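Heads up: the structure comes next, in structure tokens.
The values are calculated or read from the model by the stated rules, or taken from the named source; none is laboratory data. Only a predicted model underlies this, so the values are computations on that prediction, with no experimental measurement involved. Neighbour counts are summed over all protein chains in view; Cβ atoms, including those assigned to glycine, are modelled from backbone coordinates with ideal geometry. Side chains are part of the model used for accessible areas, which takes the heavy atoms of the whole protein and leaves out ligands, DNA and RNA. Shrake-Rupley method; radii C 1.70, N 1.55, O 1.52, S 1.80 Å.
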Amino acid sequence: MGRPLRPASSDAWFHVMNRGAARRQIYFTRADARHFLDLIAEGSTRFAVDVHAFCLMTNHYHLLVRSHDDLLPQFMHHVGANYTRAVHTRLGTDGPIFRGRYHAIILSTADYVDHVGRYIHRNPLDLPGRHPADYEWSSLRHYLIPGTNPPWLHTDTLLDVHGGPAGYREFVLGERCSAAP
């Protein structure tokens, strides 16, 4: 029996995620995580996919994306295949890094999009001694400190819903603060 078809829709929002094979680590160095983000940046332009949030954890990742031209599968193939190839070339290894195909959930309402952004940004809460706003591999800090986001990261949609960085901080972290994290 073949694999089920992916949800497809032009101009749709998705929560995209994947985990390491057997729940193993997928980023082995800081350079690996940076390379993964570089591939996301490159792919977002190439495949008309807007990235609105990301969080890279040791053994999994989450993305909040909007695909304008139904090119999410090509975008994710670009990221996953090139990342896997680069890691195997560097380490001299082979085999799967990810547990399989990425998982994508289509987000049907603006409220759903907003809450997935919150979920993604709260992922580092379980890391001991780390505040999510300080976690290097999450887009949250770019939401809380205006003007720091890379050109491929779209923060306006979620910030506008909450009236800016202070409102978004309160929504995600339950903290009232008008200053930078």
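List of remarks:
- Restricting attention to the range 6-24, the residues being under 10 Å from HIS60 (Cβ atoms) and either surrounded by 12 or more Cβ atoms within 10 Å (Cβ to Cβ) or at pLDDT 95 or above (or both) number 4.
- In the range 149-181, of all residues being at pLDDT 95 or above and in a loop (DSSP other than H, G, I, E, B), the one that is surrounded by the fewest Cβ atoms within 10 Å (Cβ to Cβ) corresponds to PRO151.
- Counted residues, the range 90-112 - those being over 21 Å from ASN59 (Cβ atoms), open to solvent by 50 Å² or more (accessible area, probe 1.4 Å) and not acidic (Asp, Glu): 6
- Matching residues, the range 129-177, being hydroxyl-bearing (Ser, Thr, Tyr) and farther than 20 Å from MET57 by Cα: THR148, THR155, THR157, TYR168
- Segments classed as strands (runs of 3 or more DSSP E), wholly inside the range 39-144, with at least 1 members that are aliphatic (A, V, I, L, M) and in contact with a Gly (Cβ under 6 Å, 6 or more places away or on another chain): 49-56, 60-67
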